[in-house]
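Heads up, the thing below is written out as structure tokens.
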């Protein structure tokens, strides 16, 4: 990467921050500028203080602040010290306000980054979200946005550093232009001399971004596959892979620290050399007066670390750029596939139709579905059955908008499904997967979170309908905590709670994907008989392997190798 590209990337990062948080940035700029002026004024007060000593001062120093000839030394000293104290107090107060404004800007930026990404996830086409690795988004929400925040922090500190340095450089230039230029050029040369170091930091940032994503993927895969990993006795291999990834991350961060400390050490050594030469040139070559020399020395002893700090802040920005680019790439992809199409209200009053639908996964040669024609009348029940791999789940994914047909179309009351607002479509649907989602909370919280206006009467009604009355016999009843994914409950108990949650929505379309597979046969038949009585309130689609369930449906569709081979009774000819 060349210097111009690096400057362009940093400029893009800063421009984004300014455009997104303009008012916050200006607040920081104003407060930092005011603090810089107060700091500069505090330094200038040293000159009147020195004028009370026997040290010789340049003529211009005596012009801007002199005392009446009849004032005593103690009176003059008191005035100078009081003014100096007041300026320092004001500077401390303003610096505190500037720090709070910087923290507010940083936290608002992080909140906005996370909020925009989270909102885009639920606004995008479902197919674009589900086909992307979940670990990518988890990494963005956690590690990458945190790294971006470090870059933002570096940008704020770099901006503050420059604003504070400007008035002090002007004072030094006012007192001795030649010496000021000498030190400034020396610092600038050292700064530019570490271009290769900054380039290396940029490369380390790219590497770390990929490593963090791999780490998130490894953790997620190993937690999700804990049972399988142990059943195969593959723990040690997975542990070794994990340790290898964490070792790469350790080496990356260590290398980044090496670059930072190398620059910091070089600047400190350079500072000692330049200040020594500065004193020698100031006293011998330029015959600089002692008072001005002391003030300039004070200024540069405060400013010299700024060169090192500026380099470090710039490194923080460069290290954050890969995360910033990955974030905006993901955000752009999600926003490009915004799922909102039509603002017209959606109704499912007549029928849902698969019209000559075929589908082929991009990575597969053959078709998963071929020329599917299904008409589902509103208020009826349909059983979609077939062996594993027959195409049932693909039909479901198309219906839920996770994929779009390769050819053909899905229609809702003669409206093409892909042209409607997915959010509005999902408001009509309740979907119960084979492995349902439950969060770590109480049973009642898991029911009410999706239905905050659910009355107590309606709550108990759906519990009865879902054959989930076992909850009343638990030690804490509805207030029983169930752990992540409801791990403290059996599979059948989890499915019944999720069924109650779905029924509480009173959907137009209820989809059950092997949703009662963990329930015993007697309870399953009770559930489906209850659902059968509700078919005039909602359309119900069963995805099932069981003949008994299929026989309860008004219509049965039997799939085999992506084609409809039987309709009606399970054993009737097509």
Looking for whichever is assigned by TED's automatic domain parsing to the domain that holds residue 166 and at pLDDT 75 or above here; the options are 60, 15, 76, 27. Which one fits? 27
With criteria (1) assigned to a helix (DSSP H, G or I); (2) surrounded by fewer than 18 Cβ atoms within 10 Å (Cβ to Cβ); (3) modelled with pLDDT of 70 or more, residue 233 comes up short on (1)
Report yes if residue 489 is within 18 Å of residue 441 (Cβ to Cβ), touching a helix residue (DSSP H, G or I) at 6+ places or on another chain (Cβ under 8 Å), at pLDDT below 90 and crowded, with 20+ Cβ neighbours inside 10 Å, otherwise no. yes
Looking at residue 324 and the list (1) farther than 18 Å from residue 404 by Cα; (2) at pLDDT below 85, which single condition is not satisfied? (2)
Out of (1) in the same structural domain as residue 535 (by TED's automatic domain parsing); (2) in contact with a helix residue (DSSP H, G or I) (Cβ under 7 Å, 6 or more places away or on another chain); (3) outside any strand (DSSP E or B), what's the single condition that is false for residue 346? (1)
Residue within segment 507-516 that is surrounded by fewer than 20 Cβ atoms within 10 Å (Cβ to Cβ), modelled with pLDDT under 85, within 40 Å of the chain's Cα centre (by Cα) and over 19 Å from residue 428 (Cα atoms) present: yes
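The values are calculated or read from the model by the stated rules, or taken from the named source; none is laboratory data. Not measured: the values here are computed from a predicted model. Because the Cβ atoms are built from the backbone with ideal geometry, glycine has one as well, and the counts that use them run over all protein chains shown.
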